[in-house]
Amino acid sequence: MPDPSPTRGLRLGVCGPVGTGKSSLIALLCRELAGRMSLAVVTNDIYTDEDARFLRASGVLTPERIRAVETGACPHTAIRDDITANLLTVEELEEEFAPDLVLIESGGDNLTATFSPALVDTQVFVLDIAGGGDVARKGGPGIERADLLVVNKTDLAPHVGVDRDRMVADAEAARDGRSVIALSRTDRASVDALTAWVTAEVARHRAGELVPTDPGPMAAHSHDHPAA
Amino acid sequence: MDHVPTDLLLMLFADARLPVAGHTQSAGLEAAVQHGLTSAEVPAYMSARLATTVRVEAGTAVVALHRLDHELPLEPVVAAWAARTPSHALRRTSRAQGRAMNRLSASLWADGAAVRRVARLDGCPRPVALAGAAAAAGLDALSLARLVGYDDVQTVASASLKLLPLDPAAATGWVHDALPEVAAAAEDVAGLTDPRDIPATAAPQTEVWAQAHARSTRRLFSA
Ligand SMILES: Nc1nc2c(ncn2[C@@H]2O[C@H](COP(=O)(O)OP(=O)(O)O)[C@@H](O)[C@H]2O)c(=O)[nH]1
Ligand SMILES: [Mg+2]
């Protein structure tokens, strides 16, 4: 049962491989939403506090609302099995600022890492269109079952020989009707679609209608097993 | 609660899978490696910690446990620990780990008075949080001191596998070889009851490295 009247804000996870645009997406959301709601950010850099510094330097939030968590070279552990360091940081930010939305960036290093539903209420998986059109079709827990899949940097599609619409169609097919947004920071309509999705998640959370779900570790599978 | 044998409690507490963010810690090894410590020197590093920092930690833990058992105030223990931990960075890390431990304790021993007492402290350091858990679980002072020492050595060993190229069996060999020193350090502090008697054996070099590490922008571990 979801908590009927959550007293804390929405916790939104952003995961996906390195370089797909997670930090940029968070900076974009902060810019778009800062006027409308109170925000905070937690980053999980693998080796540096680069992400936190990038976000602080982008000037969209005051620096004390952006915190870095060290992961001891275990970025998966920190968002999935021992989420303690992240939870404590999120709770600290919630205590200090009572934000409507906390964005948590994973220290992404491959395609399989997703957030524990005990850490985030909802999660976005980010792919880079320049990673190739096949990636969406190949699937994985995040691609198939994150609450939202973002196919990012669509402005690059013509330069890397990827058919954007085809890739989005593949992603939609892999996701059983779950949301997909083809995003580029230079495409206003796509930015609006992203902020509308996030705003709707915040509203669902406030209304107590959001039930955190786990995208994986593994695909749920069902097929007929031959009789032994 | 049914009586749980001490060795099983120790296994639970010493297990790296305990969700207290242990994977974020290197017991100062990362800072030491950044300042030139080599793989061959790791066993000496473990011994140095067992002679210094670990005694402060373990001493703090057993004195806190005594005061929890006798319902004496804990503030003097925290003050004694802080006075023996001059690095601000190390105090901050220990307090973050204390919060992680208290978070777990609150879930495991929700109605434990000791757990509630340590959680109420302003900036509860890790050894005091461990004492709260030990009091709630029924772990004795000597076992608690051994736990602190063992955990320190094992933290160094597992961080060394991330920081220095190494056969994991060699790292476990270092832990094994350090066990007599862990036992001796624990014996030395297990009987302490007075905050003034907590060993004041901080390691200045470790403290200086920890301060530099907290300011570095390239690190895997929080400390
Ligand atoms: N062309 C293009 N580049 C983008 C877009 N979003 C992000 N990038 C770039 O992709 C690179 C990686 O982005 P970053 O946010 O650091 O990725 P992260 O590692 O997933 O956090 C940076 O050079 C960004 O400027 C986009 O919409 N279009
Ligand atoms: Mg990033």
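Read-outs: derived from the displayed coordinates by stated rules, not from any lab. On a predicted model such as this, the values are computed, not experimentally measured, just so you know. Heads up, the Cβs are rebuilt from the backbone with ideal geometry, glycines too, and the neighbour counts pull from every protein chain shown.
If A:V150 satisfies every condition in (1) surrounded by fewer than 19 Cβ atoms within 10 Å (Cβ to Cβ); (2) within 16 Å of ligand 2 (Cβ to nearest atom); (3) outside any loop (DSSP other than H, G, I, E, B) but one, which is the exception?
Tallying (1) surrounded by fewer than 19 Cβ atoms within 10 Å (Cβ to Cβ); (2) within 16 Å of ligand 2 (Cβ to nearest atom); (3) outside any loop (DSSP other than H, G, I, E, B), A:V150 fails exactly one: (1).
Look at segment B:197-223 and say how many of its residues are in contact with a helix residue (DSSP H, G or I) (Cβ under 7 Å, 6 or more places away or on another chain) and away from chain A (no Cβ under 14 Å).
Residues in segment B:197-223 being in contact with a helix residue (DSSP H, G or I) (Cβ under 7 Å, 6 or more places away or on another chain) and away from chain A (no Cβ under 14 Å): 10 in total.
May I ask you to list pairs of residues, at least six apart or on different chains, whose Cβ atoms are under 9 Å apart, with the first in segment A:24-42 being within 14 Å of another protein chain (Cβ to nearest Cβ) and the second being within 16 Å of ligand 2 (Cβ to nearest atom) and assigned to a loop (DSSP other than H, G, I, E, B)?
Matching pairs, first to second residue: A:V42/A:V69.
Can you pull out the residues in segment A:50-73 that are within 8 Å of chain B (Cβ to nearest Cβ) and surrounded by fewer than 22 Cβ atoms within 10 Å (Cβ to Cβ)?
Listed by number, the residues that qualify are A:E50, A:R53, A:A73.
For residues that are touching a helix residue (DSSP H, G or I) at 6+ places or on another chain (Cβ under 6 Å) and either more than 16 Å from B:A145 (Cα to Cα) or not aliphatic (A, V, I, L, M) (or both), scanning just segment B:186-196, find the one that is nearest to the other protein chains (Cβ to nearest Cβ).
B:P195
Return the only residue of B:T155, B:T193 being polar (S, T, N, Q) and surrounded by fewer than 19 Cβ atoms within 10 Å (Cβ to Cβ).
B:T193
In segment A:47-56, what residues are part of a helix (DSSP H, G or I) and more than 12 Å from ligand 1 (Cβ to nearest atom)?
Of everything in segment A:47-56, just one residue is part of a helix (DSSP H, G or I) and more than 12 Å from ligand 1 (Cβ to nearest atom), namely A:R56.
Scan segment A:21-53 for residues that are over 20 Å from A:T195 (Cβ atoms) and more than 17 Å from the chain's Cα centre (by Cα) and jot them down.
Those that are over 20 Å from A:T195 (Cβ atoms) and more than 17 Å from the chain's Cα centre (by Cα): A:Y47, A:T48, A:D49, A:E50, A:R53.
Condition first: in contact with a Ser or Thr (Cβ under 6 Å, 6 or more places away or on another chain), closer than 21 Å to B:T6 by Cβ and in contact (Cβ under 8 Å) with a residue 12 or more places away in the chain. Can you find one or more residues in segment B:136-143 that meet it?
Yes.
Quick one: which helices (runs of 4 or more DSSP H) sit completely within segment B:1-60 and have at least 1 residues that are closer than 27 Å to A:A118 by Cβ?
Once the helices (runs of 4 or more DSSP H) in segment B:1-60 are filtered for at least 1 residues that are closer than 27 Å to A:A118 by Cβ, what remains is B:6-14.
Residues in segment A:16-46 that are within 13 Å of A:L101 (Cβ to Cβ), in a helix (DSSP H, G or I) and within 12 Å of ligand 2 (Cβ to nearest atom): how many?
1
Give the residues of segment A:94-123 that are over 18 Å from A:P63 (Cβ atoms), within 16 Å of ligand 2 (Cβ to nearest atom) and of a type in the set (A, V, I, L, M), sorted by residue number.
Within segment A:94-123, A:L111, A:A113 meet the criteria.
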